[in-house]
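Written below as structure tokens is the structure these notes are about.
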Protein chains: 4
Amino acid sequence: MTTTTTTTTTTSQDPKDNNDHLVQSADRKHPANLIPELCKKFWHLGWVTGTGGGASIRDDDLVYLAPSGVQKEMMQPSDIYVLSITAQLDPKQRIYLRSPPHYKPSQCTPLFMAAFTKRNARCCIHSHSQWAVLITLLLENAPSNNRLFEINNIEQIKAFGKGYRKQGNLGYHDTLRIPVIENTPFEEDLTESLEEAMEKYPDTYAVLVRRHGLYVWGDTVDKAKAQAESLDYLFQLAVEMKKLGLPWLSDIA
Amino acid sequence: MTTTTTTTTTTSQDPKDNNDHLVQSADRKHPANLIPELCKKFWHLGWVTGTGGGASIRDDDLVYLAPSGVQKEMMQPSDIYVLSITAQLDPKQRIYLRSPPHYKPSQCTPLFMAAFTKRNARCCIHSHSQWAVLITLLLENAPSNNRLFEINNIEQIKAFGKGYRKQGNLGYHDTLRIPVIENTPFEEDLTESLEEAMEKYPDTYAVLVRRHGLYVWGDTVDKAKAQAESLDYLFQLAVEMKKLGLPWLSDIA
Amino acid sequence: MTTTTTTTTTTSQDPKDNNDHLVQSADRKHPANLIPELCKKFWHLGWVTGTGGGASIRDDDLVYLAPSGVQKEMMQPSDIYVLSITAQLDPKQRIYLRSPPHYKPSQCTPLFMAAFTKRNARCCIHSHSQWAVLITLLLENAPSNNRLFEINNIEQIKAFGKGYRKQGNLGYHDTLRIPVIENTPFEEDLTESLEEAMEKYPDTYAVLVRRHGLYVWGDTVDKAKAQAESLDYLFQLAVEMKKLGLPWLSDIA
Amino acid sequence: MTTTTTTTTTTSQDPKDNNDHLVQSADRKHPANLIPELCKKFWHLGWVTGTGGGASIRDDDLVYLAPSGVQKEMMQPSDIYVLSITAQLDPKQRIYLRSPPHYKPSQCTPLFMAAFTKRNARCCIHSHSQWAVLITLLLENAPSNNRLFEINNIEQIKAFGKGYRKQGNLGYHDTLRIPVIENTPFEEDLTESLEEAMEKYPDTYAVLVRRHGLYVWGDTVDKAKAQAESLDYLFQLAVEMKKLGLPWLSDIA
């Protein structure tokens, strides 16, 4: 097992201000305001316990990220990192346009970037939800290269888009499939297998990480949030179904 | 299976203002203010996850509706649709007096209308509560044309009215019966079977939708909300009873 | 089964103001302010779903009560009833010093009064908590005249006073015993059996009502609330213990 | 079993003001402001039900403590005790620099002090979480002198530091071990066995107390809170795993 070593640099046109204007806006919908608001909600939902999990938003060329190791329900716009997608010539050399003074970049960064660059997502959410973890545990009997959460004939499935560059949403009778990848000791090392899962399941908007949690994204911030909530709903429902002896897949005309 | 095709038109006496005054009021009890407040509560209760579920209020001739696909805990009065009951001459031709600028009408609209026109309800709530979905799953062994959630001898049953045009509430020993209808790929297509269930069970204030959720209404906004909360309480209790091997029906003098 | 018929009268020195000053205070700790605040918390805890449950506070001769059928998380000080304990010469003839304009008195009133007059309580809380209901269901195998929730060797038991007119609290090894009474179709008709349970278990601060919920009181508002929270904690814990096959009583030196 | 008898004295340079300035600060991060804010969160998480549980912060020589028997979600900075670590020459003679007017010191005080003096912690949290209690119940088959909660291969384990005076955090494959000590009728009497557990498991940041709850600490307030949240997450997950027949320890390369 190898650990990716990535160097990070903060660059700024005016080093005096660290480009702080990039995270200062009176608009509630500005990414630097939205990320703390979303993370506060996710903390209450049990997705970002301790300092786990997080969220990132892409706005054109700019990517806004929560830092590593912060309490997600307490985050402020001034805690946000900003980097430029086009400036990432070398994936091992990440250049931050704006960095908060006291933090480190999140190890989730390359995983969020994968959703932005490989799937043109605008928002990616990383959850440590217990329901997501339990689903991966309930799937451990399957071979490690073929673990898949599958559920059909549940109305909430209609919350998911049909897939990358496709119009419309899944239907009630469609089967939602979320692949499970192996966890790694260092979160950055998940990047390769996450990207592989994106290739193998090109239409998925989410990837489960075994005994760890979930990455879920969307074509807009609203869609990423709605898909994240809907997946967590389905995971919790599926765990309850398992306790009650009800199968996840059924054959309804 | 056929999908209902409905055309929608927004009409306005003064096209310049889109009748926005219909959703502008300083009164907290105005339907355009109540619906966002109720939906925020329902989001926290897990009834309107993602963008599922919703609520509608009727005030005399006017019906106020949440739009399709919005995050229910973030809704504003300006997001509300308004239509006139008496203007709905042709059920396939819905005329909106006021429409929000960026949304589509909810597919739940004809289902809400059924509660208003067939049962003279003043408020109808659509929940995707997991407890409601689990109840329908636990009833799947019954034949599809005769699925009924039945529970008795629980105090919370007294929260329900005796039925349409009847005075008073159910008693402790009465059996509460909620019919379950089949889900359909398009929500509008539920209308016919919802109306059939209303005919078959004329006193019910709610209809479960298999693997989908619940429609519940009331003679006032307060009663609709109280009945919705009480049903969710009973559904959750019934799931816990099932886990503990306790029957839903009992014979107590 | 007979139903108690009680007539209620509102009396007022100055009929013009309905003694509204009795529920108007800038002091957060005034009973008319505390009851709505407590009920809001209880709604979030799932104790007063729909319009079920409630709370009452006694301050010297005055008893403050929530009305019947209101949404407990929305209550205002102006919704509160006030009656005088000394003026209740005939228990069937309740005289209200102050009544809210649009409501009916709660059927819980004589039960709250029992806690105030028989046990000198200052606050009594009525919860419909599902955990309380499940405990009564799990005890149904016992004969109806001898149903008792018993648990010992759990730290939270230390939250309970030793009993009526006794100093100090229960210890870790003490067994907490909460009697269960039969439910009745009309809540007022519970009064006699609640008072009997108080006689039979003079040290209890709470009585469970089968398939209904809980009455719990305390020597102060703070103690009533702490005992109510602690009981709900123990009920939920006991349900989880049952699911995991763990006994409620154990023999630890 | 013997009960520790501790005398407490409040000392003050200026007896007129009881050193109230020690708990008065406009800084949200001041311990006297942080403790009420943390306790409010913990109440909502179910860790400090009734008046159980609590939290303490050390800032250099000063230790800030919640009083005994208060409702933790209602606490104010003026309710906080302050004592000096260096002034505690005799562990049986505790000298408070500042005392709130109406309360008693918490019985948890010597346990918090153990974390501060033996492990150089800056914050210690005491939770009555039901998940913590259930874990201790599920471990009762082990001999009482060797009860240990062990879990591995769960991402959230990475939230824990490697141990006392060690750099870095646990890894995904590492086994988190939390010792369980016996409960005692008087909380102060836990001190000796808590300190023994700290000696036997020098790297643990937490100790479970059988049928009671958890003490968890950290090198900073943020780390104590993150470790407390992460432990509660793991306890809840482990209870769910037990219900689903999934083992807490697994062998993953």
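The values are calculated or read from the model by the stated rules, or taken from the named source; none is laboratory data. Predicted, not measured: the structure shown is a model, and the values here were computed from it. So basically every Cβ, Gly included, is an ideal-geometry build from the backbone, and we count neighbours across all protein chains shown.
Structure notes:
- For the range C:232-247, a residue qualifies if it is within 14 Å of chain B (Cβ to nearest Cβ) and of a type outside the set (A, V, I, L, M), and the qualifying residues are C:Phe235, C:Gln236, C:Glu240, C:Lys242, C:Lys243, C:Gly245.
- A count restricted to the range A:174-231 and to residues that are away from every other protein chain (no Cβ under 13 Å), more than 19 Å from A:Trp248 (Cβ to Cβ), without any contact (Cβ under 8 Å) to a residue 60 or more places away in the chain and of a type in the set (A, V, I, L, M) stands at 1.
- Residue match in the range D:239-252 (condition: crowded, with 24+ Cβ neighbours inside 10 Å and either out of contact with any Lys or Arg (no Cβ under 7 Å at 6 or more places or on another chain) or over 18 Å from D:Cys39 (Cβ atoms) (or both)): no
- Those residues of the range B:59-81 which are within 30 Å of A:Ala228 (Cα to Cα) and part of a strand (DSSP E or B), in sequence order: B:Tyr64, B:Leu65, B:Pro67, B:Tyr81
- Taken over the range B:85-106, the criterion of being within 14 Å of chain A (Cβ to nearest Cβ) and either exposed (fewer than 15 other Cβ atoms within 10 Å of the Cβ) or more than 14 Å from B:Tyr64 (Cα to Cα) (or both) is satisfied by B:His102, B:Tyr103, B:Lys104.
- Condition check for A:Asp20: exposed (fewer than 15 other Cβ atoms within 10 Å of the Cβ), over 15 Å from the mean Cα position of the chain (by Cα) and more than 12 Å from every other protein chain (Cβ to nearest Cβ): no
- Scanning the range D:120-158 for residues that are farther than 26 Å from C:Phe235 by Cβ, in contact (Cβ under 8 Å) with a residue 24 or more places away in the chain, touching a strand residue (DSSP E or B) at 6+ places or on another chain (Cβ under 7 Å) and within 14 Å of chain A (Cβ to nearest Cβ) yields a total of 4.
- One residue from C:Ala115, C:Ala132, C:Ala87 being at pLDDT below 95, of a type in the set (A, V, I, L, M, F, W, C) and outside any strand (DSSP E or B): C:Ala87
- Subset of the range C:52-84 [within 14 Å of chain B (Cβ to nearest Cβ) and over 15 Å from the mean Cα position of the chain (by Cα)]: C:Gly69, C:Val70, C:Gln71, C:Glu73, C:Met74, C:Met75, C:Gln76, C:Asp79
- Residues in the range C:187-201 that are surrounded by fewer than 16 Cβ atoms within 10 Å (Cβ to Cβ) and within 16 Å of the chain's Cα centre (by Cα): C:Glu192, C:Glu196.
- D:Tyr103 meets the stated requirement of being assigned to a loop (DSSP other than H, G, I, E, B) and either of a type outside the set (Val, Ile, Thr) or touching a helix residue (DSSP H, G or I) at 6+ places or on another chain (Cβ under 7 Å) (or both).
- Within the range B:159-173, if we keep just the residues that are within 20 Å of B:Lys200 (Cβ to Cβ) and either more than 21 Å from the chain's Cα centre (by Cα) or of a type in the set (Lys, Arg) (or both), the residue that is farthest from the other protein chains (Cβ to nearest Cβ) turns out to be B:Arg165.
Per-residue answers, yes or no, for (1) modelled with pLDDT of 85 or more; (2) at negative phi; (3) touching a Ser or Thr at 6+ places or on another chain (Cβ under 8 Å):
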| position | (1), (2), (3) |
| --- | --- |
| C:Thr4 | no, yes, yes |
| C:Lys16 | no, yes, no |
| C:Asn33 | yes, yes, yes |
| C:Gly53 | yes, no, yes |
| C:Ala66 | yes, yes, yes |
| C:Ser99 | yes, yes, yes |
| C:Pro105 | yes, yes, yes |
